[in-house]
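The values are calculated or read from the model by the stated rules, or taken from the named source; none is laboratory data. All figures in this text were calculated on a predicted structure; none of them were measured in a lab. Here the Cβ positions follow ideal geometry from the backbone for every residue, glycine too, while neighbour counts run over all protein chains shown. Note: accessible area is taken over every heavy atom of the protein model, side chains too, but ligands, DNA and RNA are not part of it. Shrake-Rupley method; radii C 1.70, N 1.55, O 1.52, S 1.80 Å.
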Amino acid sequence: MVKALEWQEQHPIFAISPTDWTNGAYYTGVVRAHQATKNQIFLAALKTMGYNNQWETLKRYHHADDIAIVYPYLYIDGTRKDLVNLEPSTTFIDKHLFEPNPWRQGPKDSLTHILWWWCDALFMAPPVLASYSKYKNDSSFLDEMHKYYMETYNLLYDQEEHLFARDLRFVWKGDKNDKKAENGRKIFWSRGNGWVLGGLALVLDDMPKDYKHRAFYENLFKEMAFKLKSIQSEDGLWRTSLLDPDSYTHGETSGSGFFTFALAWGVNNKLLSKQEFMPTIQKAWEALEDCQQENGMVGWVQNIGDAPTGAGAKSWQNYGTGAFLLAGSEVMKLE
Amino acid sequence: MVKALEWQEQHPIFAISPTDWTNGAYYTGVVRAHQATKNQIFLAALKTMGYNNQWETLKRYHHADDIAIVYPYLYIDGTRKDLVNLEPSTTFIDKHLFEPNPWRQGPKDSLTHILWWWCDALFMAPPVLASYSKYKNDSSFLDEMHKYYMETYNLLYDQEEHLFARDLRFVWKGDKNDKKAENGRKIFWSRGNGWVLGGLALVLDDMPKDYKHRAFYENLFKEMAFKLKSIQSEDGLWRTSLLDPDSYTHGETSGSGFFTFALAWGVNNKLLSKQEFMPTIQKAWEALEDCQQENGMVGWVQNIGDAPTGAGAKSWQNYGTGAFLLAGSEVMKLE
Amino acid sequence: MVKALEWQEQHPIFAISPTDWTNGAYYTGVVRAHQATKNQIFLAALKTMGYNNQWETLKRYHHADDIAIVYPYLYIDGTRKDLVNLEPSTTFIDKHLFEPNPWRQGPKDSLTHILWWWCDALFMAPPVLASYSKYKNDSSFLDEMHKYYMETYNLLYDQEEHLFARDLRFVWKGDKNDKKAENGRKIFWSRGNGWVLGGLALVLDDMPKDYKHRAFYENLFKEMAFKLKSIQSEDGLWRTSLLDPDSYTHGETSGSGFFTFALAWGVNNKLLSKQEFMPTIQKAWEALEDCQQENGMVGWVQNIGDAPTGAGAKSWQNYGTGAFLLAGSEVMKLE
């Protein structure tokens, strides 16, 4: 994990800014690695990142991608007082949840009234809101989160397959426009579902045990966990197209990393049976370790995208490293 | 090439600012490495650099050194819309070319009326202007470039030796003040001519095939190429004092790197005969590879200067790494 | 030393800001390493640091911690004109020395009237003031420094033990509140005294040979040097609790590094006898080298604190690397 961090810190990358979702996801992994190991190498990287970003967010207040970086900011704030300026984060959260915006007034038959209209958003925003709710000791932020979460759930969750469609393009309507995998099945994206399940673990981690809607999240977590256990590939990694493993025959690190994190977190937190899930987790972690090169680089990460595509031994992204760190931070607690 | 980049990124250096000519030259090499390899490691470094520099230039608008960083900015802009702020670059180009300035009104017998009065400038400014002309699809920027280029050419190009004097100090007037090398010959600086020939390749690369003055640049390119082929040292590298190889008996990487880049580009673009130039290029590239240490550092680079001096196995500069990347980006296409 | 720098540059860390005292101490080591070796790798790191910090200081003008970063700024300024903006440094120095502040008006029986009330401060501020005095060629800054130095000396220096108490908490008053080490002796902190002795070497280095109070500093330097020689541990390193070596039985790098630097500087500058001190210095440097890992990391550094505590092979901090570089920069001159 230290080598993964060191390599990634030496190879900074972003899509549009160092505060974008790619770094939000990466540094969420760094947060969990620090929590689990207490190794200051992770905290030093977090503080340097936050300081260099001046604790800012991007300014697309309606866009879940731009709130992801707040998760590490909230964590760093907990490590030292008077260090973090949480004002930009607070502003973002308030505007994201409560500000009038065209998508709220959209016609019911369009997407414009869905805040989190793609499943990746369930990693970007809900964990931040759960963490912020805990920080403010105010469950109204959880309530607001739940309202939007249900909209996405109702829009994209497949009750039969227990997986999320990436977005409406992949939800079958029973006509000739339905997108099908080569084997004729529905297309469920590995990383897309990794965002959801990983995000669920983070949300549950910060959600009070007695929160009124907790059962919904635990149940969803378990449904997805059992499904993913059942479709793990022989080599331990999930394929980018979950139900069509022959379309891309190699494993992919970002989705598999998020799954491994979530399953191990589930065992560590007694939501999943250790006996039942340990073989899955062990096989997955060993396979993830094989995706890391000698120099620390985590490979086999699918590039930025919105649907299953391929990856290679040398394809890397910061969020892939983040998924690897998340997985390691929970797997180490199992031993 | 990846190791050269990684080492250089881990050892940032500049003369007066991260946007100065030393980084302009380095990141021009990174641009060409990315174009040639498509390896995102190069693009990630470019974006991080531009973001950290806030797409700014230094503000000496009459000084060619300060425009060099615009070459990578223009390239990055082509990789993603809405990422790069080209306003500072545009402002610089407009002021550099068109703003009233003391050097324009100088007396004819002084240097004050020559914009690019030293040969290094022919790398710093013309490639940016050719690239900008292509970006704007407006050949008037090429016309303006040509006007200033001719002034420098007339001032510093030696029609017999087919090399550029670094500046007027090294142009012989036939009196006792003429600077002579130890062997009595004229002093032509390797890196100085590297700037010119490397810059010519970059200019020709962006110049339309039917541009009215293209023949002048192709001819100049070929004249210099044949000259340099004829004075390559046995070990593949050029000496810092091109016509006095005994003054500094070891090769030097920055000049040799620019030459190797230009000659390979010439072969790849059919301006030079592959059969005639391959032995020169191969010998040079193998020697350049020997200048790179195990950890990626490119050594044997002459320090910042304005005339031939020595170098050592451990002397490095970012522009030396840039020359190495430029050379590699064209040599790899030959194979 | 190069490997120590490279590792540290790749692992940036700070307590509250990149301009805080931890980086002030680290980059003071980088300054001395550059002075001693002339290797540009050190100067490149210094310039990059200063540029990224925009030559700023933190703004607690009464706090010695926040002036430490000025030492490297002053050095960098000497390497190239028109590069460093010394205005924030000058402002800090003026306010630190001359601005009305509550601590000046405090009642005589409290600490509020002591500017440098803890011994670490004697590294943070006096070397900067001696360097600034030399830069301005104005001994009034030395006079002012001396005034405050004497206050700290009178408050914390133990005339019998020839060591500094970290702060008033550790000065015995002869009652039951006196803090005692486990072995019953007074508690003197290794790094705390390292700050003082290392700071003295830096101050003396910039102080004119004929400065009126020089004898005081030379005498103090020698008293402490002989004391430390007498309590060095068998393995070459000093223990974090200097007079109670059994409380933490391993050596500690930051204190030992500052001591080694100061003793070697004393020999190099003829304040200490080479014959008498060489065995001490050699043993210490060899032990410090053993604290450095293969990858360059300097371990066995006690964490941020204000009293003796433990350290481990993998505990590192930037100021520990700074102490290592300081030591190396003088030891290399002995050979």
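For the reader, a short list of remarks on this structure follows.
- Scan of region A:8-19 for residues that are surrounded by fewer than 19 Cβ atoms within 10 Å (Cβ to Cβ) and either out of contact with any Ser or Thr (no Cβ under 7 Å at 6 or more places or on another chain) or away from chain B (no Cβ under 11 Å) (or both), ordered by number: A:Q10, A:I16, A:S17
- Among the residues of region B:43-51, not a single one is within 14 Å of chain C (Cβ to nearest Cβ), within 23 Å of C:D77 (Cα to Cα) and at pLDDT 95 or above.
- Among the residues of region C:47-85, the ones that are part of a loop (DSSP other than H, G, I, E, B) and within 22 Å of the chain's Cα centre (by Cα) come to 13 in all.
- Filter result for C:A36 (at negative phi, open to solvent by 10 Å² or more (accessible area, probe 1.4 Å), part of a helix (DSSP H, G or I) and among the small types (G, A, S)): yes
- Odd one out for A:E289, checked against (1) touching a residue at least 12 places away in the same chain (Cβ under 8 Å); (2) under 19 Å from A:G29 (Cα atoms): (1)
- Scope region B:52-63; condition within 13 Å of chain C (Cβ to nearest Cβ) and within 20 Å of B:R80 (Cβ to Cβ); matching residues: B:N52, B:N53, B:Q54, B:E56
- Residues in region A:216-235 that are part of a loop (DSSP other than H, G, I, E, B) and among the polar types (S, T, N, Q): A:Q232, A:S233.
- Residue selection: C:K47 satisfies the criterion of being in contact with a Ser or Thr (Cβ under 9 Å, 6 or more places away or on another chain), open to solvent by 10 Å² or more (accessible area, probe 1.4 Å) and farther than 16 Å from C:G322 by Cβ.
- Some residue of region A:126-133 being over 15 Å from the mean Cα position of the chain (by Cα) and at negative phi: yes
- Residues that are crowded, with 18+ Cβ neighbours inside 10 Å and touching a strand residue (DSSP E or B) at 6+ places or on another chain (Cβ under 7 Å) number at least 1 in the following helices (runs of 4 or more DSSP H) confined to region C:109-208: C:140-156, C:190-206.
- Which numbered condition C:N318 fails, given (1) crowded, with 24+ Cβ neighbours inside 10 Å; (2) over 24 Å from C:L202 (Cα atoms): (2)
- Positions within region C:293-335 being in a helix (DSSP H, G or I), in contact with a strand residue (DSSP E or B) (Cβ under 8 Å, 6 or more places away or on another chain), under 15 Å from C:P12 (Cβ atoms) and of a type outside the set (S, T, Y), in sequence order: C:G320
One line per residue, one yes/no per condition, for (1) touching a Phe, Trp or Tyr at 6+ places or on another chain (Cβ under 7 Å); (2) open to solvent by 60 Å² or more (accessible area, probe 1.4 Å):
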site	(1), (2)
A:L272	no, no
A:E289	no, yes
A:N295	yes, yes
A:L334	no, no
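- Boolean, A:T90 is closer than 14 Å to A:A125 by Cα, at pLDDT 95 or above, part of a loop (DSSP other than H, G, I, E, B) and away from chain C (no Cβ under 13 Å): no
- The residues on offer are C:S254, C:S247, and the sole one that is among the polar types (S, T, N, Q) and at pLDDT below 95 is C:S247.
- Scanning region B:213-222 for residues that are within 19 Å of the chain's Cα centre (by Cα) and open to solvent by 40 Å² or more (accessible area, probe 1.4 Å) yields B:F216, B:E218, B:N219, B:K222.
- Residue, farthest from C:G296 (Cα to Cα), within region C:7-44, restricted to residues that are in contact (Cβ under 8 Å) with a residue 12 or more places away in the chain and of a type in the set (D, E, K, R): C:D20
- Note on region B:223-237: residues that are surrounded by fewer than 23 Cβ atoms within 10 Å (Cβ to Cβ) and either without any contact (Cβ under 8 Å) to a residue 40 or more places away in the chain or small (G, A, S) (or both) total 5.
- Here C:N303 fulfils each of the conditions (1) under 22 Å from C:F188 (Cβ atoms); (2) open to solvent by less than 10 Å² (accessible area, probe 1.4 Å) apart from (2).
Condition check ((1) touching a helix residue (DSSP H, G or I) at 6+ places or on another chain (Cβ under 9 Å); (2) within 11 Å of another protein chain (Cβ to nearest Cβ); (3) surrounded by fewer than 17 Cβ atoms within 10 Å (Cβ to Cβ)) across all residues:
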{"position": "B:A4", "(1), (2), (3)": "yes, no, no"}
{"position": "B:A25", "(1), (2), (3)": "yes, no, no"}
{"position": "B:V31", "(1), (2), (3)": "yes, no, no"}
{"position": "B:I67", "(1), (2), (3)": "yes, no, no"}
{"position": "B:V70", "(1), (2), (3)": "yes, no, no"}
{"position": "B:N85", "(1), (2), (3)": "yes, no, yes"}
{"position": "B:E99", "(1), (2), (3)": "no, no, yes"}
